[in-house]
Amino acid sequence: MIASSPVSDRRRNPAGNRVRSHHVLLMLFLGGGIGIIVALGLYVTKVAYVGLLPFALALVLPTVFLKNFRLYWLAIFLLSLQFSIKKNLNDGLAVVDALNIDYTIWNFTFDITASDLVLLVLLAIWANDHMFHGKPMRFPPVTWLAVGYLGICLLSLVGANSPYLGFVELSRQIKFVIVFLFAVNWLDSKSAVRVLAIVGVIILVTQAGMTVTRFETGYMTSLSFGESHQDISEIEQYLAVDRTVEGSALRGFGTLASPGSTVRLCMMVIPFALFLCVPNAMFGMRLAFMGLTTFGLLGLLLTFTRVYYITASVQVVLAFWIMVRDRMLKREEVVLLVVLALAGLAAVSPKIYEQFTVREDSVSVRFLQYEATGKMILDNPFLGVGLNNGTRDKQKYVNVSYNRYDPNTQFYLEPTHNIYLSLAAEIGIFGALLFVLFFGRITFLAWRQSRHSPDPEIRLVANALVVMFWSVAINSTMDPLFEDATLDLLWLYAGLALNLPRMAQGQESATPRTAPPTTIAAAVRGMDNRRAVAARGR
């Protein structure tokens, strides 16, 4: 029996090689022709959009040369979350006119973002691994909680004031569950986790650097394509550190649209940066990470966001407690850090007190929102008023006269700054409970790995996830959570948490585990040799 190798097959079949080469050239010319047509079409509408074509080509080309293109696309996906580049799939202004939207709503059109395009590439890679390389499909039991949550979201639209707005948000929630399933089935290697950690530090430093730059230069234009239809004077009034003082300094923010969006994105990556500052099994550049993390945390102070002060403090304290629990720090280092923290807190306490006493309307507005949302929940406890219909229906539960100079008479024009109350009002108490139970279960599994995993690298990841999930839970009592970037990471981390036990047991797979043809041929040749030896022996 003679086994052939792929090399010998290629040598014996030059005609087949020429056919494949012709196919490749045909695809290149076809793709180039389509690209030229698209570029010319974009040139007619927006000249700046033409630059997107060569930029996309530059992103695709490394796939041909890199050994592990899967990790490359994962890194691109994570980095793309920093940029709010999206394309509406329907006319937003027509929706505003048709639904008489005179209030703040973040998602009222179907759209596709830059990160969604990269996600499609990752999903294609996942599908290829499953269909052609035999990688099994995993559907953990906890996923049924997420499926039930989606089902309740759909049912809530039956009696909604605007089912259209509900379907817009439902499409986003389905995408987030797909991100979760992708992470469960694909994000199962330590190399992928290392990429996640290092890109997290890059995101933190990038957002802090942009925040400092904006604060120092006063450049407040958002980094986005298209027309935003925003009044720059209203933006400056919103960004003022103290709105009662004429000419007050403006709060900085990163590459996203606001200080709140910036700190919520950084909330998702700060825990990884903190645990890389101590001796760890993942990377050895402790001092470099310590400097970058310190710059990131201090730079974000210029957002002047009180929720960030609270959430970041919770993250630092919880991470420090875990470090002490796991003896990541020496006793001398613990004492030194405690002394430095107390001294720093004493030094900045006057400034912190000052920040907590300005923009008091932000606090009073929240409590008024909570009161009105509570009334909505009592009136609609089972299926709510409909997904993404909360702000639209909130106006029915207020009894104030609008005054443009008094924020306390405008609170109903903004979404409720509390995830739990907002969910309960829109999809009912049971739907909100399914959402909380899902992430509660995920947090418990991550906590168990942080305590009992034998792998120090997996413990680091689990520790970071525990800190992140707890900080999100606390942040959600004070702020909304609507950004695609933040929610993509939240659901991605949920899938990662379920894979930690498998990675600790060595069941990870950076690439599909399939035997190459040369290995099969060698095995067959070995069987033939053993048979020949046995025959000679007889």
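The values are calculated or read from the model by the stated rules, or taken from the named source; none is laboratory data. Please read these numbers as outputs of a predicted model, since none were measured by experiment. With ideal geometry, Cβ positions are generated from the backbone for all residues, glycine too; neighbour counts draw on all protein chains shown. Side chains included, ligands, DNA and RNA excluded: accessible areas come from the protein's heavy atoms. Shrake-Rupley method; radii C 1.70, N 1.55, O 1.52, S 1.80 Å.
So for each of 275-286, 127-138, 235-246 I average, over its residues, the number of other beta carbons within 10 Å; can you give me the resulting order with the highest mean first?
Values: 275-286: 16.2, 127-138: 12.5, 235-246: 14.3.
Packing proxy ranking, top to bottom: 275-286, 235-246, 127-138.
Counting only protein heavy atoms and using a 1.4 Å probe, what share of the accessible area of segment 423-471 belongs to carbon plus sulfur, as a whole percent?
Answer for segment 423-471 is 68 percent, counting heavy atoms of protein chains only.
Mind ordering 105-112, 432-439, 324-331 by average Cβ neighbours within 10 Å, highest first?
Values: 105-112: 16.9, 432-439: 19.9, 324-331: 13.5.
Top of the packing list down: 432-439, 105-112, 324-331.
Roughly to the nearest percent, how much of the accessible area of segment 104-256 is carbon and sulfur, given a 1.4 Å probe?
Carbon-and-sulfur percentage of accessible area, whole number: 65.
What distance in nm lies between label points placed 7 Å from Cα along the C-beta direction at LEU59 and ARG327?
My value for the distance between the label points is 4.7 nm.
In nm, give the distance between the simple-model label positions of LEU93 and SER401, each being 7 Å from the Cα along the Cα-to-Cβ direction.
It works out to 3.5 nm between the two label points.
Run the simple label-point estimate for ASN408 and ASN68 please: 7 Å along Cα→C-beta, distance reported in nm.
Placing both labels 7 Å along Cα→Cβ, they lie 5.7 nm apart.
Using modelled amide H (1.01 Å from N, peptide plane; none on Pro or chain starts), what sits under 5 Å from the amide H of PHE110, excluding residues fewer than 5 places away?
LEU89, ASN90
How large is ³J(HN,Hα) for each residue in segment 273-285, as worked out from phi by the Karplus curve 6.51 cos²θ - 1.76 cosθ + 1.60 (θ = phi - 60°), to whole Hz, x for Gly and Pro?
Rounded to whole hertz, the list is 4, 5, 6, 7, 7, 10, x, 9, 8, 9, 9, x, 7.
Once amide H atoms are placed 1.01 Å from N in the peptide plane, what residues at a sequence separation of 5 or more from ALA240, or on another chain, have their amide H within under 5 Å of its amide H?
Those lying under 5 Å, H to H, from ALA240 are ARG251.
Could you give the distance between the Cα centres of segment 114-139 and segment 154-198, to the whole Å?
Here the two parts' Cα centres lie 15 Å apart.
From the backbone phi of segment 286-297, what are the Karplus-calculated ³J(HN,Hα) couplings (6.51 cos²θ - 1.76 cosθ + 1.60, θ = phi - 60°) in whole Hz, Gly and Pro given as x?
Each residue of segment 286-297 in turn: 5, 5, 5, 5, 5, x, 5, 5, 4, 4, x, 5 Hz.
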